[in-house]
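The values are calculated or read from the model by the stated rules, or taken from the named source; none is laboratory data. These numbers come from a predicted model, not from an experiment. In this analysis, Cβ positions are derived from the backbone assuming ideal geometry, glycine residues included, and neighbour counts consider all displayed protein chains.
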Amino acid sequence: KAGVTQTPRYLIKTRGQQVTLSCSPISGHRSVSWYQQTPGQGLQFLFEYFSETQRNKGNFPGRFSGRQFSNSRSEMNVSTLELGDSALYLCASSLGTENEQYFGPGTRLTVT
Amino acid sequence: QKEVEQDPGPLSVPEGAIVSLNCTYSNSAFQYFMWYRQYSRKGPELLMYTYSSGNKEDGRFTAQVDKSSKYISLFIRDSQPSDSATYLCAMRGLSGGYNKLIFGAGTRLAVHP
């Protein structure tokens, strides 16, 4: 069974721009969560989607948003990029909202 | 104070050693406990998933949870150079309809031949 896939793997953007990251969960998984990983803050929860509905949101500004499609694929968007948004963005999928999460390889975003 | 505390290391051990990795936490609502392994420039890989207190063994890995002390451990027996990675503990409460994980900072482990 294929794992979680994330595209693109690497991205370089300029301050003020916006970016969209994509995540395809493991087949059959309906829950997708997003995390931000930085050297200073570690792994921090962004949001979770289940059946196209956002179930929970972490403590991030409104510039961070996401959505989930009917096939469980998910996207996250960051608008008005700041230097501090440079990070590894990880997507994790699970069967449901109470199951173990499996992570993708991440998208490394660099903001210059 | 962070909800989950984990010594970032680095921890350096010789091949074949028993490795002990630990996390402490403050939120008594945490019920599910996980250990992930993350190689450089890769996503975290789930190693162990346990519910409530007790031990769980899988090959060379043993996870222990002591809820009374709010302390979890991961033991790696017969450590190999391929075990060199960052080990992250993670935990969450009963669902309540969401699946938000709280992570420790991660411990960097180096196993040298």
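Taking strands (runs of 3 or more DSSP E) as the structural unit, those lying wholly within segment A:38-96 and holding at least 1 residues that are more than 10 Å from every other protein chain (Cβ to nearest Cβ), in contact (Cβ under 8 Å) with a residue 60 or more places away in the chain and closer than 22 Å to B:Pro44 by Cα correspond to A:87-94.
With respect to (1) under 13 Å from B:Asn99 (Cβ atoms); (2) surrounded by 16 or more Cβ atoms within 10 Å (Cβ to Cβ); (3) in contact with a Phe, Trp or Tyr (Cβ under 7 Å, 6 or more places away or on another chain), the lone exception for A:Pro25 is condition (3). The requirement of being of a type in the set (Phe, Trp, Tyr), in contact with a Lys or Arg (Cβ under 9 Å, 6 or more places away or on another chain) and modelled with pLDDT of 95 or more is fulfilled nowhere in segment B:42-55; no residue meets it. When the criteria are applied in full, B:Ser28 fails the requirement of being more than 14 Å from every other protein chain (Cβ to nearest Cβ), more than 15 Å from the chain's Cα centre (by Cα) and assigned to a strand (DSSP E or B). For segment B:84-107, the criterion of being over 12 Å from the mean Cα position of the chain (by Cα), modelled with pLDDT of 95 or more and not small (Gly, Ala, Ser) is met by no residue. Counting the residues of segment A:97-112 that are crowded, with 19+ Cβ neighbours inside 10 Å, out of contact with any Gly (no Cβ under 8 Å at 6 or more places or on another chain) and within 12 Å of another protein chain (Cβ to nearest Cβ) gives 2. Scanning segment A:12-27 for residues that are aliphatic (A, V, I, L, M) and either under 14 Å from A:Met76 (Cα atoms) or within 14 Å of another protein chain (Cβ to nearest Cβ) (or both) yields A:Val19, A:Leu21, A:Ile26. Within segment B:1-17, residues that are touching a residue at least 24 places away in the same chain (Cβ under 8 Å) reach partners that are exposed (fewer than 14 other Cβ atoms within 10 Å of the Cβ) and of a type in the set (D, E, K, R) with beta carbons closer than 7 Å, at six or more positions or on different chains, in the pairs B:Gly16/B:Asp78.
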